[in-house]
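Structure, as structure tokens:
The values are calculated or read from the model by the stated rules, or taken from the named source; none is laboratory data. Not measured: the values here are computed from a predicted model. Note that each Cβ is placed from the backbone with ideal geometry, even for glycine, and that neighbours are counted across all protein chains shown. All accessible areas refer to the heavy atoms of the entire protein, side chains included, with ligands and DNA or RNA removed. Shrake-Rupley method; radii C 1.70, N 1.55, O 1.52, S 1.80 Å.
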Amino acid sequence: MLEMGMNSAGPGADLIKDTVEATFMADVVDASQKVPVIVDFWAPWCGPCKTLGPMLEDAVRKAQGKVRMAKVDIDQNQRLAQTLVGQGLPLQSIPTVVAFWQGRVADMFQGALPASEIKAFVDRVARLAGDGGIAEALDAAEAQLTEGAAVEAAQAFAVILGKEPENAAAYSGLVRAYVALGDLDQAEAVLNGAPAGISESPELETAFARIELARQAANAGPVGELRAAVSGDPGNSQARFDLALALHSSGDVQGAVDELLELFRRDREWNDGAARTQLFTVFDSMKPQDPIVLSGRRRLSSMIFA
């Protein structure tokens, strides 16, 4: 079995911590040499702080390790706060949120903000350090998977997850690599182990669809026989559905979509709308801008709203 090489501490470990005067240099200034650190200056009596803090923590977790967060209770760390004020930080009003990068103040804001603006702030800070080559590594792993080197691709995706445990694209890639290797149980185990924060991401929806289609392919019938059955009885919905599954498993995605659309046109309610459900599974397994997906969705919409 391939080693995933993921951080044993689990996703999100050590991303957010409380810091005090004695550890501020290590937790913030030193740590910011490698990754931006967002510092939340707050106090227990501050109402807006109680709203902002959890929202900021959530945004930091969703940044998938690209930023860290330290929380400073200014009531408990008055000397630290006074020192920072003397260095120019406006801590007379809280909440104050300051981003440090390579030991220097890089960005900041004061007061409570809506979630959208908090996310924009965190995303902006995360970009300060680039992505450490993650995008290039993902492209290389995807190329390996496309070229049929599924074992190498799986190893590459696992290395990425070791660096970014909540990288949805890498999780999806690892699942798809196991599907390509024919190990559907392992693919499903990896998918089920994805962090909750990315469980509903489009990338993991694609991975889930790939598993579903691969399991269907294992039971697909002969294309020739099913095509003959449909030709002999065009109203045989089960035969047409089975033909679509067989066509997809043989690599004829366009043919599968055509048969499913025809089945939907003839009887959209057959088997609790199985044709429409299967179409969405096929679409989810592909890139959104794939011509087959764009055309198929357009044709399906025209039937639904006709």
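Checked against (1) open to solvent by less than 70 Å² (accessible area, probe 1.4 Å); (2) modelled with pLDDT under 95; (3) farther than 25 Å from Ser201 by Cβ, Ala126 meets all criteria but (3).
Residues that are open to solvent by less than 10 Å² (accessible area, probe 1.4 Å), part of a helix (DSSP H, G or I), of a type outside the set (Ser, Thr, Tyr) and more than 18 Å from Thr206 (Cβ to Cβ) are absent from the stretch 276-299 altogether. Checking every residue in the stretch 223-239 against the condition of being open to solvent by 50 Å² or more (accessible area, probe 1.4 Å), assigned to a helix (DSSP H, G or I) and either closer than 25 Å to Gly182 by Cα or among the β-branched types (Val, Ile, Thr) (or both) gives at least one match. Within the stretch 106-113, the presence of at least one residue that is open to solvent by 10 Å² or more (accessible area, probe 1.4 Å), of a type in the set (Asp, Glu) and in contact (Cβ under 8 Å) with a residue 12 or more places away in the chain is confirmed. Any residue in the stretch 9-24 that is within 30 Å of Tyr178 (Cβ to Cβ), surrounded by fewer than 18 Cβ atoms within 10 Å (Cβ to Cβ), at pLDDT below 95 and touching a helix residue (DSSP H, G or I) at 6+ places or on another chain (Cβ under 7 Å)? No, the stretch 9-24 contains no residue that is within 30 Å of Tyr178 (Cβ to Cβ), surrounded by fewer than 18 Cβ atoms within 10 Å (Cβ to Cβ), at pLDDT below 95 and touching a helix residue (DSSP H, G or I) at 6+ places or on another chain (Cβ under 7 Å). Exactly one residue among Lys62, Lys119, Lys66 is in contact with a Gly (Cβ under 7 Å, 6 or more places away or on another chain) and either open to solvent by 30 Å² or more (accessible area, probe 1.4 Å) or closer than 17 Å to Pro48 by Cα (or both), and that residue is Lys62. Specify the residue that is nearest to Gly173 (Cα to Cα); the eligible residues are those in the stretch 249-275 that are part of a helix (DSSP H, G or I) and among the polar types (S, T, N, Q). Going through the qualifying residues, I end up with Ser249. Every listed requirement among (1) assigned to a helix (DSSP H, G or I); (2) at pLDDT 95 or above; (3) more than 30 Å from Tyr178 (Cβ to Cβ) is met by Lys71 save one, (1). Per the listing Val39, Val35, the residue uniquely β-branched (Val, Ile, Thr), touching a helix residue (DSSP H, G or I) at 6+ places or on another chain (Cβ under 9 Å) and either on the phi > 0 side of the Ramachandran plot or modelled with pLDDT of 95 or more (or both) is Val39. Considering the conditions (1) open to solvent by 40 Å² or more (accessible area, probe 1.4 Å); (2) farther than 26 Å from Ser301 by Cβ, Ala220 is excluded by exactly one of them, (1). Please find, within the stretch 262-275, the residue that is surrounded by the most Cβ atoms within 10 Å (Cβ to Cβ) out of those that are touching a residue at least 24 places away in the same chain (Cβ under 8 Å) and under 30 Å from the mean Cα position of the chain (by Cα). Here the residue is Ala275.
When the residues of the stretch 135-157 are filtered to those that are out of contact with any helix residue (DSSP H, G or I) (no Cβ under 6 Å at 6 or more places or on another chain) and not charged (D, E, K, R), which remaining residue is most open to solvent (accessible area, probe 1.4 Å)? So the residue we want is Thr146. Residues in the stretch 76-90 that are part of a loop (DSSP other than H, G, I, E, B) and either acidic (Asp, Glu) or exposed (fewer than 10 other Cβ atoms within 10 Å of the Cβ) (or both): Gln87, Gly88.
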